[in-house]
């Protein structure tokens, strides 16, 4: 069965939709199986834009700003995992930088995950072409099964 499950989170309620399914999946597994859940957040941009009049320039964050963003990401992951921790599930958190789909697959390999459980924003049409689908990229390149959860409609605007 699944001993290690990777759950990528992006900070949105849509992204957190997979957590309920992971909790139910673990609850239905044999009580002798000790499952660990790795909560992952990928920081995709470590730069911001400075705009002066009509000109703009991309400026990398300072080390202090990156440390702050990373710390806030860890705090978010710990808070998101509280519901699982309260059920006695072992939680680990991981914050990485890079392209989301690539880092998710790499984290699954590095942590020896048996399953990736992730939510989909359910974009279609032009928005899907513009933003691409991280979920699709993970599905095509992951070396382990991927559980894809469509977020409830009431969380789509979160």
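The table that follows gives values for the structure above.
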{"quantity": "DSSP-defined antiparallel bridges as percent of all bridges, the stretch 4-155, nearest 5", "calculated": "25 percent"}
{"quantity": "Mean Cα-pair separation over length for the chain, i.e. relative contact order, pairs under 8 Å, 6 or more apart, %", "calculated": "34 percent"}
{"quantity": "Pairwise FRET efficiency - residue 49 versus residue 92, Cβ, R0 = 22 Å, nearest 0.05", "calculated": "0.05"}
{"quantity": "Residue among 53, 98, 88 with the largest mean-square fluctuation in a Gaussian network model of the chain, springs linking Cα atoms under 10 Å", "calculated": "53"}
{"quantity": "Cα coordinate range in the stretch 4-155, projected on the principal axes (Å, largest first)", "calculated": "62, 38, 31"}
{"quantity": "Top of 73, 119, 133 by mean-square fluctuation, Gaussian network on the chain, Cα under 10 Å", "calculated": "133"}
{"quantity": "Per-residue Cβ neighbour rank within 10 angstrom, fewest leading, 61, 49, 68, 76", "calculated": "49, 68, 61, 76"}
{"quantity": "For the chain, built as a Gaussian network whose Cα springs stay under 10 Å, the top-fluctuating residue of 100, 47, 80", "calculated": "47"}
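Where a number appears in this text, it was derived from the coordinates with a stated rule and is not lab data. Predicted model only: the values in this text are computed from it and were never measured. Counting neighbours? That spans all protein chains shown, and the Cβs are built from the backbone with ideal geometry, glycine included.
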